[in-house]
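Okay, structure first, notes after.
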Amino acid sequence: MFDSILIANRGEIACRIITTARRLGIRSVAVYSEADTDSLHVQLADEALLVGPAPAGDSYLRADRLIAAAQRSGVQAIHPGYGFLAENADFARSCENARITFIGPPACAIDAMGDKARAKQLMASAGVPLVPGYHGEDQDPDLLLQEADKIGYPLLLKASAGGGGKGMRVVESKEEFLTALAAARREAMSAFGDQRMLLERYLRQPRHVEIQVFADSQGNVLHLFERDCSVQRRHQKVIEEAPAPGMSEKLRQQMSAAAIAAARAINYVGAGTVEFLLGSDDSFYFMEMNTRLQVEHPVTEMITGQDLVEWQLLVASGQPLPCSQNQLQISGHAIEVRLYAEDPQRDFLPASGTLKHWLLPEPTPRVRIDSGVQQGDRIGIHYDPLLAKLIVHAEDRPSALQRLRRALDGMEVVGLTCNRDFLRRVCDNPTFSSGEFDTGFIDRNQKTLLAPPPPISDEQLALTALYLLLQRRQQARQAALSSSEPDSPWHSTTGWRLNSDNHHRLLLRNEDQQHSIMLHYRPHGFLVELPGGNIEASGELCDDGSLRAIINGHRCRARVLQNGLDLTLLHNGFTHTLQLDDPLYSVLDLQAGTGSLNAPMPGKIIAIHTSPGNKVEAGTPLLTLEAMKMEHTINAPLEGIVSEIHFQTGQMVEEGVELISIVSEGG
């Protein structure tokens, strides 16, 4: 076994490899770009080396810099992960020339499967079923049109040198062919520098099922069963599971035998995945072989109890496979979903932003999280927008699906757009729940899966309002404890007033709607007046920042995150964004680093919670203003030093007058 390895990758897969290396006592060396200086994989590794600027072409795709980093750190082997140079035969050869072990298949195997046309020919010779099509070298458009007519329509145009949906077009008729061919060639040339195309019969409503294979240098080859990867958007996987729903033992043996034949045909060594299209009549056809560890490998690990990264390290170090085929068994069912920074409402376009709040379910033996990000990270435009993979395992598929729903409900992401709510809807879809889906599932269910989020309910408005008042109460208590008169009635937040109804009014905006909410103080909570009727609400803020509430006798939990006037409510597995329409939060006027807090309305200052010279943070209570029989706590809108307080407790103030001046520490 190796003493040390370099991981030529970043993010989630780098962290995943480091985890196994650490368990095996292997020193891990990370590489990083200038954009990844503070990334999680850099923090987890035993050592980390800078390899270039943010663009992947200047860092993670620079084979020369990766080899130099490996030589400088003195490692014995390089693990490429997936993506970047994982399936680059020239990189594998460069490692060999530098006398560094490439943790992957031989370069000749990568070459064989990297050229899709050549791979089809090899598979045909090995007796692996192929979709009827044309895989020849003659790429004359007129010849391709003739071959297309022979195959019949619809047919699929595929880039010979690529994958991931690039250079791929479905052609429905002869009239569309030449236009689609030109577009697919342009895309393939841009992505792969190679415009050669394959033509294949297009199978309507097939499933995408793949077989995990493993081979060692002693000639042993086995499979670790199948994965169903049919739920895709834009030809890219979103949800994977193992075993495949509805898979018979007979079909499993047939597909696994074909996958092993494919691996033997190219003298394969290491982890590989043979992908098939599976028809409704149980006919299956070779698509391609991925000569690396797959993103979705955790579902195989969950149902077999094996660590595939450990297997990779063992095989690359020259050891035989750690077990035989008859020692492997399927245990239960596993499902993986990919949490992406992307906007499903905008054709799944990648999203960028800062992870202001990032909370994941607690990992257990049945709930696994593979992630390479942490709260506060900036998700930029340079790399794949994968945030995390959530993998669940249970005794059967229905139980796994229920566990997945609960785990998704426990994922909290604020700061950028992500596909969590979309994944939750997939889990609730009857077709997906039944297991009777195929690669067209998302396209056929767009109306339900990509529908606008449901309007915010009165219950959710009440939860948001309850949070705001409980937060203000908490801030006032903190201010009281730090004051010279902690028991002063001016610090009270009960809303009590002599001969007056005790209430508080809030205005919340959700999209284009304004919601007026009146909260009346009651001995054990609030009576909340809403457009749809009254709600009794009570609750408390928990130590983890969440809200434990009782709404009309129903106990529930929620979380509200506030950034100035912007509010994010996380409740029942869905996310709602609101804005607080409150003048008390709009009183900051910054000029040359000085904050001037002005009275938003006429009123009476009933408490001052700070003093000149005090350092305050954003959100620190500064004073309490009584206006229209309601108390309003004015908080510091920025971090700084209180330079001057212009009024005293008990004084009346007019709207717009300056109350407190704050100098920011940077000013």
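Brief remarks on what is shown
- On inspection, Ser173 qualifies as more than 25 Å from Leu450 (Cβ to Cβ), without any contact (Cβ under 8 Å) to a residue 24 or more places away in the chain and hydroxyl-bearing (Ser, Thr, Tyr).
- Being farther than 17 Å from Leu355 by Cα, buried (at least 20 other Cβ atoms within 10 Å of the Cβ) and in contact with a Lys or Arg (Cβ under 8 Å, 6 or more places away or on another chain) is a property that Leu547 has.
- Unmet criterion (only one of (1) at negative phi; (2) touching a residue at least 60 places away in the same chain (Cβ under 8 Å)) for Gln402: (2)
- For Ala215: the one exception among (1) within 27 Å of Gly83 (Cα to Cα); (2) of a type in the set (Gly, Ala, Ser); (3) over 30 Å from the mean Cα position of the chain (by Cα); (4) modelled with pLDDT under 95: (4)
- Across the stretch 206-227, the qualifying residues are those that are in a loop (DSSP other than H, G, I, E, B) and touching a residue at least 24 places away in the same chain (Cβ under 8 Å), and the one among them that is nearest to Ala257 (Cα to Cα) is Asn220.
- Where Pro350 falls short, out of the listed (1) touching a residue at least 40 places away in the same chain (Cβ under 8 Å); (2) surrounded by 15 or more Cβ atoms within 10 Å (Cβ to Cβ): (1)
- Residue check for Glu362: among the charged types (D, E, K, R) and in a strand (DSSP E or B): no
- Of the helices (runs of 4 or more DSSP H) contained entirely in the stretch 63-137, those carrying at least 2 residues that are modelled with pLDDT of 95 or more and farther than 21 Å from Ala265 by Cα fall at 63-73, 89-97.
- Checking the stretch 243-250 against the condition returns a match, with at least one residue being within 26 Å of Leu449 (Cα to Cα), under 26 Å from the mean Cα position of the chain (by Cα) and touching a residue at least 40 places away in the same chain (Cβ under 8 Å).
- For the stretch 580-625, a tally of residues being at positive phi, touching a Ser or Thr at 6+ places or on another chain (Cβ under 9 Å) and at pLDDT below 65 returns 1.
- Taking the criterion of being in contact (Cβ under 8 Å) with a residue 24 or more places away in the chain, among the small types (Gly, Ala, Ser) and crowded, with 18+ Cβ neighbours inside 10 Å, the residues of the stretch 40-62 that qualify are Ala45, Ala56, Ser59.
- Being touching a residue at least 60 places away in the same chain (Cβ under 8 Å) and in a strand (DSSP E or B) is a description that does not apply to Glu310.
- In the set Ala400, Ala407, Ala451, only one residue is among the aliphatic types (A, V, I, L, M) and surrounded by fewer than 20 Cβ atoms within 10 Å (Cβ to Cβ); that residue is Ala451.
The values are calculated or read from the model by the stated rules, or taken from the named source; none is laboratory data. Everything numeric in this text was worked out from a predicted model, so none of it was measured. Using ideal geometry, Cβ is built from the backbone for each residue, glycine included, and neighbour counts are taken over all protein chains shown.
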